[in-house]
Amino acid sequence: MDTTRRRHREAQVRQWFAMWLTKQDTGMETLFAADAHYIESWGPEYHGRTNIQRWFAEWNTRGTVVQWDIGTFFHREDQAVVSWHFCAAMEDGTTQSFDGLSLLRWNDREEICFLQEFGCNQHRYDPYAQGDTPVFRDEKPLWF
(Lines give C-alpha, C1' and ligand atoms only; values in the text may rest on other atoms or scores of the structure.)
Protein backbone atom coordinates (compact mmCIF):
# COMPACT_ATOMS: atom_id res chain seq x y z
CA MET A 1 0.00 0.00 0.00
CA ASP A 2 1.36 3.42 -0.90
CA THR A 3 2.10 6.03 1.75
CA THR A 4 -0.47 8.51 0.43
CA ARG A 5 -3.35 6.03 0.77
CA ARG A 6 -2.18 4.92 4.21
CA ARG A 7 -1.97 8.53 5.45
CA HIS A 8 -5.40 9.33 4.01
CA ARG A 9 -6.98 6.37 5.80
CA GLU A 10 -5.28 7.25 9.08
CA ALA A 11 -6.57 10.83 8.71
CA GLN A 12 -10.10 9.45 8.21
CA VAL A 13 -9.87 7.47 11.45
CA ARG A 14 -8.48 10.49 13.29
CA GLN A 15 -11.36 12.57 11.92
CA TRP A 16 -13.89 9.98 13.13
CA PHE A 17 -12.42 9.94 16.64
CA ALA A 18 -12.25 13.76 16.70
CA MET A 19 -15.95 13.94 15.81
CA TRP A 20 -16.73 12.10 19.03
CA LEU A 21 -14.47 14.34 21.08
CA THR A 22 -16.09 17.51 19.69
CA LYS A 23 -19.62 16.06 19.35
CA GLN A 24 -19.70 17.43 15.80
CA ASP A 25 -20.32 15.65 12.51
CA THR A 26 -17.52 17.10 10.40
CA GLY A 27 -18.02 14.92 7.37
CA MET A 28 -19.67 11.54 7.78
CA GLU A 29 -21.03 12.00 4.25
CA THR A 30 -17.51 11.55 2.86
CA LEU A 31 -16.11 9.32 5.60
CA PHE A 32 -18.61 6.43 5.50
CA ALA A 33 -20.10 4.61 2.53
CA ALA A 34 -23.88 4.95 2.20
CA ASP A 35 -24.19 1.21 2.98
CA ALA A 36 -21.53 1.11 5.73
CA HIS A 37 -21.83 -1.48 8.49
CA TYR A 38 -20.67 -0.50 12.01
CA ILE A 39 -20.46 -2.93 14.95
CA GLU A 40 -19.82 -1.69 18.49
CA SER A 41 -17.72 -3.79 20.88
CA TRP A 42 -20.67 -4.49 23.18
CA GLY A 43 -23.23 -5.62 20.60
CA PRO A 44 -25.18 -2.89 18.80
CA GLU A 45 -24.67 -2.60 15.07
CA TYR A 46 -25.72 0.02 12.58
CA HIS A 47 -26.50 -0.54 8.91
CA GLY A 48 -26.03 2.43 6.62
CA ARG A 49 -24.49 5.86 7.03
CA THR A 50 -27.89 7.35 7.94
CA ASN A 51 -28.16 5.04 10.96
CA ILE A 52 -24.54 5.73 11.95
CA GLN A 53 -25.36 9.45 11.88
CA ARG A 54 -28.54 8.88 13.91
CA TRP A 55 -26.63 6.88 16.53
CA PHE A 56 -23.88 9.52 16.73
CA ALA A 57 -26.36 12.35 17.28
CA GLU A 58 -28.45 10.41 19.81
CA TRP A 59 -25.50 9.02 21.78
CA ASN A 60 -24.03 12.49 22.21
CA THR A 61 -27.20 13.55 24.07
CA ARG A 62 -26.46 10.87 26.70
CA GLY A 63 -22.71 11.09 27.11
CA THR A 64 -19.41 12.73 26.30
CA VAL A 65 -16.32 11.08 24.92
CA VAL A 66 -13.55 12.61 27.03
CA GLN A 67 -10.64 10.65 25.60
CA TRP A 68 -10.07 8.54 22.49
CA ASP A 69 -6.34 8.16 21.96
CA ILE A 70 -4.97 6.32 18.94
CA GLY A 71 -2.12 3.88 19.44
CA THR A 72 -0.93 1.93 16.42
CA PHE A 73 -2.21 1.43 12.90
CA PHE A 74 -1.76 -1.78 10.92
CA HIS A 75 -2.58 -1.71 7.19
CA ARG A 76 -3.23 -4.46 4.66
CA GLU A 77 -4.79 -3.89 1.22
CA ASP A 78 -8.34 -2.57 1.81
CA GLN A 79 -8.21 -3.14 5.59
CA ALA A 80 -6.69 -1.57 8.68
CA VAL A 81 -6.61 -2.19 12.39
CA VAL A 82 -6.12 0.63 14.88
CA SER A 83 -5.48 0.26 18.61
CA TRP A 84 -6.87 2.88 20.97
CA HIS A 85 -7.81 3.92 24.50
CA PHE A 86 -11.35 5.21 25.09
CA CYS A 87 -13.04 7.00 27.98
CA ALA A 88 -16.62 8.34 28.14
CA ALA A 89 -18.60 10.10 30.84
CA MET A 90 -22.33 9.45 30.69
CA GLU A 91 -25.08 11.84 31.80
CA ASP A 92 -26.12 9.36 34.53
CA GLY A 93 -22.73 9.83 36.21
CA THR A 94 -21.06 6.60 35.08
CA THR A 95 -17.67 6.58 33.42
CA GLN A 96 -16.40 3.85 31.12
CA SER A 97 -12.75 3.51 30.19
CA PHE A 98 -11.21 0.69 28.19
CA ASP A 99 -8.67 -0.25 25.55
CA GLY A 100 -9.72 -1.46 22.14
CA LEU A 101 -9.14 -2.20 18.50
CA SER A 102 -11.11 -1.24 15.42
CA LEU A 103 -11.09 -3.33 12.27
CA LEU A 104 -11.88 -1.22 9.22
CA ARG A 105 -12.44 -1.91 5.54
CA TRP A 106 -12.55 0.66 2.73
CA ASN A 107 -14.38 0.52 -0.59
CA ASP A 108 -13.02 1.60 -3.99
CA ARG A 109 -13.99 5.23 -3.26
CA GLU A 110 -11.87 5.18 -0.07
CA GLU A 111 -14.96 5.37 2.14
CA ILE A 112 -15.21 3.26 5.28
CA CYS A 113 -17.62 0.46 4.41
CA PHE A 114 -17.09 -1.68 7.53
CA LEU A 115 -15.95 -0.92 11.06
CA GLN A 116 -15.99 -3.35 13.98
CA GLU A 117 -14.78 -2.49 17.48
CA PHE A 118 -13.23 -4.89 19.99
CA GLY A 119 -12.92 -3.87 23.64
CA CYS A 120 -10.55 -4.94 26.40
CA ASN A 121 -10.85 -4.13 30.10
CA GLN A 122 -7.95 -1.91 31.11
CA HIS A 123 -8.10 -3.18 34.72
CA ARG A 124 -6.36 -6.46 34.03
CA TYR A 125 -5.00 -8.87 36.61
CA ASP A 126 -3.33 -12.28 36.95
CA PRO A 127 -5.80 -14.80 38.45
CA TYR A 128 -2.83 -17.10 39.27
CA ALA A 129 -0.85 -14.46 41.20
CA GLN A 130 -1.64 -16.21 44.52
CA GLY A 131 -0.93 -19.79 43.37
CA ASP A 132 -2.26 -22.66 41.27
CA THR A 133 -5.93 -21.98 42.00
CA PRO A 134 -7.25 -19.04 39.97
CA VAL A 135 -8.86 -16.17 41.87
CA PHE A 136 -11.19 -14.09 39.72
CA ARG A 137 -12.60 -10.69 40.61
CA ASP A 138 -16.27 -10.54 41.46
CA GLU A 139 -17.17 -7.55 39.31
CA LYS A 140 -19.63 -6.59 36.63
CA PRO A 141 -18.02 -6.65 33.18
CA LEU A 142 -17.92 -3.50 31.08
CA TRP A 143 -19.91 -2.93 27.89
CA PHE A 144 -18.30 -5.82 26.14
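Of all residues being free of Cβ contacts under 8 Å to residues at least 12 places away in the same chain and touching a strand residue (DSSP E or B) at 6+ places or on another chain (Cβ under 8 Å) in region 56-94, which is farthest from ARG9 (Cα to Cα)? Just the residue, please. That would be THR72.
Of these, PHE86, PHE74, PHE136, which one is of a type in the set (A, V, I, L, M, F, W, C), loosely packed, with under 14 Cβ neighbours inside 10 Å and part of a strand (DSSP E or B)? Step by step, each of PHE86, PHE74, PHE136 is checked, and only PHE74 is of a type in the set (A, V, I, L, M, F, W, C), loosely packed, with under 14 Cβ neighbours inside 10 Å and part of a strand (DSSP E or B).
The test for being surrounded by 14 or more Cβ atoms within 10 Å (Cβ to Cβ) and closer than 26 Å to MET1 by Cβ does not hold for GLU29. Among the residues of region 103-125 satisfying the criterion of being in contact (Cβ under 8 Å) with a residue 12 or more places away in the chain and part of a loop (DSSP other than H, G, I, E, B), which is nearest to the chain's Cα centre (by Cα)? So, considering only residues that are in contact (Cβ under 8 Å) with a residue 12 or more places away in the chain and part of a loop (DSSP other than H, G, I, E, B), the one nearest to the chain's Cα centre (by Cα) is GLN122.
Per-residue answers, yes or no, for (1) of a type in the set (A, V, I, L, M, F, W, C); (2) modelled with pLDDT of 95 or more; (3) at negative phi:
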| residue | (1), (2), (3) |
| --- | --- |
| VAL82 | yes, yes, yes |
| THR94 | no, no, yes |
| GLY100 | no, yes, yes |
| CYS113 | yes, yes, yes |
| GLN116 | no, yes, yes |
| HIS123 | no, no, yes |
| VAL135 | yes, no, yes |
| LEU142 | yes, no, yes |
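Scanning region 1-36 for residues that are at pLDDT 95 or above, part of a loop (DSSP other than H, G, I, E, B) and touching a strand residue (DSSP E or B) at 6+ places or on another chain (Cβ under 9 Å) yields a single hit, LYS23. The set of residues from region 89-102 being among the polar types (S, T, N, Q) and either surrounded by 10 or more Cβ atoms within 10 Å (Cβ to Cβ) or under 13 Å from the mean Cα position of the chain (by Cα) (or both) comprises THR95, GLN96, SER97, SER102.
The values are calculated or read from the model by the stated rules, or taken from the named source; none is laboratory data. Here the structure is a predicted model, which is why all the values come from computation and not from measurement. Positions of Cβ are backbone-derived with ideal geometry, glycine not excepted, and every protein chain shown enters the neighbour counts.
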